[in-house]
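Colleague: Here's a structure for you.
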Amino acid sequence: MANAAATLVIHVVDDDMSVRTGLARLMRSAGHPVQVFEGVEQFLERSGPAMHNGCVVLDISMPELSAPPMQHRLTQAAAGIPVIALSTRDDDETRRLARVFGARFFLRKPVDDQALLDAIEWVAGGARPPE
């Protein structure tokens, strides 16, 4: 089932350069094509039809996502695309925000590499949901 997930482009959106670099390395080592974005604006500017063959790994703790207009723009742009939300916070408001973006998974940072890869495999339709 890895073939279904392997063709999925992973779009990593995180304002922390070390996190972007680490996640990009992880995605490449697992055979996933990856694009990294330092913020939501950059992601929205570069996103297009090719994004629909993708999965968004999104840090929902970025300051720009606290603004409802930005939340709306991102929700519109990522409609129908699997989203995996990441955050250092694990509280009701953060989980609510993950639901706003239609996240299929919420993972707390620091993210377990295998848990993230399993979540990607699942949203790509190649595996059962992780435990």
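Colleague: Work out how much length Glu38 to Ala67 would gain on full extension: take 0.36 nm times their residue separation and subtract the Cα-Cα distance, in nm to one decimal.
Modeller: 8.7 nm
Colleague: Another question, then. If we count other beta carbons within 10 Å of each Cβ, what is the order of Val19, Val12, fewest first?
Modeller: Fewest to most other Cβ atoms nearby, the residues stand as Val19, Val12.
Colleague: Considering amide H positions built from the backbone, and no H for Pro or chain starts, which residues 5 or more places from Asp16, or on another chain, come under 5 Å of its amide H?
Modeller: none
Colleague: Based on the Kirkwood radius over alpha-carbon pairs, what is the Stokes-Einstein translational diffusion coefficient of the chain at 4 °C with 1.567 mPa s viscosity, in µm²/s?
Modeller: Here the translational diffusion coefficient equals 89 µm²/s.
Colleague: Could you list Val83, Val9 so that the one with the fewest beta carbons within 10 Å of its beta carbon is first and the one with the most is last?
Modeller: Val9, Val83
Here, each number is a calculation from the coordinates, and none is a lab measurement. Keep in mind the model is a prediction, meaning the values are calculated, not measured. Positions of Cβ are backbone-derived with ideal geometry, glycine not excepted, and every protein chain shown enters the neighbour counts.
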